[in-house]
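Report on one structure; see the data block that follows.
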Amino acid sequence: MIQGQGNIMHNAVRDKVRLMLAGREVVGVLGLCGEKKGVVPHVFTTAEDTARLVLEPKWPLAKTGWIIARAFPEGEALGMVCRGCDVRAVEELVKAGQIRPGALKTIGVSCSAAQAEVCLCESPSVPGEEPVAGIDPMSMPAVRSLCLEPDRLDRWREHFSRCIKCYGCRNSCPICVCPACKLEDDAYVTTGTLPPDPLTFHLIRAMHLADRCVGCGACQESCPSGLPLLPLHLAVRNALRQREVSLNGAGSLSLMTAPGAEAGTLWEDTLGGRSNGRRRA
Amino acid sequence: MTEPASDILSPNGCPEIRAVVFACRWCALVGADRAGKERMDLPASFRVIPVECAAGVEPDLVLRAFAEGLDGVAVMGCHLGGCRHNEANRSARLRLMLLQDLLEIIGLDRRRLLLSWGTAHEGYQFAGLMREFTAILTGLPPVDSRLLGPC
């Protein structure tokens, strides 16, 4: 039954790709191409070629799409077979002015509930498709043990000590596209020391992504040391949600430019001092 | 000059707790200045770095300070609604509160980062905050030379 549904979806996506290519809207469509030993990202340019298009396994393609399409002249576009996270990533890239609106045309494929559980995904469906129930990452044991248990500092210490500073997390991240990166700045990350100080490496990255992270898990997927980076970013998103900050919102580009909440006059400190409108004695 | 009574000194004479205070020059720096001028009872655990606005203290800088092995960092700005720079301190507050959340997520105590918005303008307010902050840092479990670095 599930196999059948998968085939229907597969055919529907293939038809959309063919239609897009036939209409000459795009120079090609980026998707996954089945090979003898797995899959590789591939730009499909002809209808015959699309016979080799596959949808599984999940492979976030937004960064690859950005690398190809960022230099496109006005009017040229690349199609892309997208999961929900890819669609959000493309929106973020457009918001940040990293890619021309319309330069990446998305063909959405919703993830299954089973895939959402593997990815700790909050919103696995794509706009315009049947909604798929997401999961609350903070309810998953993998996240809870790292972000809520009392001994979490020791766990993080152990994980971070395995970092080999390959920059794979940054390089695979569809949001990390800044031309200048703090992680390459000697003032923050010292050249030649391993492992890097997690405070100035992983936590700076977590702060920079914050509300822009799309939860695709590309960082964790690409990490050769198997660091649990996705739970870190998801926990930050959860903290922001509790502070009623809009995530991947249309307005805010990042926390660095986000307007602060609570209008009016307020004196406060984090040791408990707080007063509205009148100075504390 | 005699050492203040509240000083917490290790056997080698150095303060046991080390903290840095980023003080907005329009507010908390005035408080720090007055506390010093009036010779108030202050712990020796901190150094003040004057900044034009608390919003200029980005979270990266605070993390860098912690990576140096400091026990605590304080960021003190004007009261919310009284910022000299277009309400910049409201967004600074949001960013730094998220940084507190992040410290808590990985298991460091959020109280290691003290935020004050307009509550350190007077000398006695500044001195009170610093005494309280030093007491909190003293009560926290000791960490290695680097907070999260390899053991």
Exercise for review: May I ask you to verify whether A:A96 is aliphatic (A, V, I, L, M) and at pLDDT 90 or above?
Suggested key: no
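Residues checked against (1) farther than 21 Å from A:A239 by Cβ; (2) modelled with pLDDT under 90:
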position: B:E3; (1), (2): yes, yes
position: B:A32; (1), (2): yes, no
position: B:G36; (1), (2): yes, no
position: B:V51; (1), (2): yes, no
position: B:G56; (1), (2): yes, no
position: B:S91; (1), (2): no, yes
Check your understanding: Looking at region A:65-89, which of its residues are within 18 Å of A:V17 (Cα to Cα) and either in contact with a Gly (Cβ under 6 Å, 6 or more places away or on another chain) or without any contact (Cβ under 8 Å) to a residue 60 or more places away in the chain (or both)?
Key -> A:G65, A:I68, A:A69, A:E76, A:A77, A:L78, A:M80, A:V81, A:C82, A:G84, A:V87
Review point. Does region A:101-111 include one or more residues that are under 17 Å from A:R212 (Cβ atoms), polar (S, T, N, Q) and not in a helix (DSSP H, G or I)?
Key: no
Review point. Of the conditions (1) touching a Lys or Arg at 6+ places or on another chain (Cβ under 9 Å); (2) under 22 Å from A:G128 (Cα atoms); (3) β-branched (V, I, T), A:T50 fails just one. Which one is it?
Key: (2)
Check your understanding: What's the number of the condition A:A239 fails, among (1) farther than 23 Å from A:V90 by Cβ; (2) aliphatic (A, V, I, L, M); (3) modelled with pLDDT under 80?
Key -> (3)
Practice item. Restricting attention to region B:32-60, report how many residues are touching a strand residue (DSSP E or B) at 6+ places or on another chain (Cβ under 7 Å), in contact (Cβ under 8 Å) with a residue 40 or more places away in the chain and part of a loop (DSSP other than H, G, I, E, B). Key: 2
Revision key, fill the gap. Selection from region A:239-248 of residues more than 9 Å from chain B (Cβ to nearest Cβ) and assigned to a helix (DSSP H, G or I) yields A:R241
Point to revise | Only one of A:D186, A:D211, A:D269 that is over 21 Å from B:R110 (Cβ atoms), at pLDDT below 90 and acidic (D, E) | key: A:D186
Exercise for review: Output the residue which, of all residues in region A:61-77 that are surrounded by fewer than 24 Cβ atoms within 10 Å (Cβ to Cβ) and touching a helix residue (DSSP H, G or I) at 6+ places or on another chain (Cβ under 9 Å), is nearest to A:V40 (Cα to Cα).
Suggested key: A:K63
Practice item. Could you list all residues from region A:126-170 that are modelled with pLDDT of 90 or more and at positive phi? Key: A:K165, A:Y167
Check your understanding: Mind checking which residues of region B:72-89 are modelled with pLDDT of 95 or more and out of contact with any strand residue (DSSP E or B) (no Cβ under 8 Å at 6 or more places or on another chain)?
Key -> none
Exercise for review: Output the number of the condition that A:A51 fails; it satisfies all remaining conditions of (1) out of contact with any Cys (no Cβ under 9 Å at 6 or more places or on another chain); (2) within 25 Å of A:C119 (Cα to Cα).
Suggested key: (2)
Review point. Under 8 Å by Cβ, and 6 or more places apart or on different chains, what pairs join a residue from region A:145-169 that is among the β-branched types (V, I, T) with one that is modelled with pLDDT of 90 or more?
Key: A:I164/A:P224; A:I164/A:S225
Review point. Given the structure, is B:E52 more than 21 Å from B:F126 (Cβ to Cβ) and surrounded by fewer than 18 Cβ atoms within 10 Å (Cβ to Cβ)?
Key: no
Review point. Picking from A:A62, A:A47, A:A22, A:A12, which residue would you name as being among the small types (G, A, S) and at pLDDT 90 or above?
Key: A:A62
Review point. Within the group B:L63, B:L115, B:L98, which residue is in a helix (DSSP H, G or I), under 16 Å from the mean Cα position of the chain (by Cα) and at pLDDT 90 or above?
Key: B:L63
Practice item. Would you tally the residues in region A:216-226 being part of a loop (DSSP other than H, G, I, E, B) and surrounded by 23 or more Cβ atoms within 10 Å (Cβ to Cβ)? Key: 1
Exercise for review: Evaluate region A:167-175: report whether one residue or more is within 13 Å of chain B (Cβ to nearest Cβ) and aliphatic (A, V, I, L, M).
Suggested key: no
Check your understanding: If you go through region A:180-193, how many residues are surrounded by 10 or more Cβ atoms within 10 Å (Cβ to Cβ) and either of a type in the set (A, V, I, L, M, F, W, C) or facing chain B (nearest Cβ under 7 Å) (or both)?
Key -> 6
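The values are calculated or read from the model by the stated rules, or taken from the named source; none is laboratory data. On a predicted model such as this, the values are computed, not experimentally measured, just so you know. With ideal geometry, Cβ positions are generated from the backbone for all residues, glycine too; neighbour counts draw on all protein chains shown.
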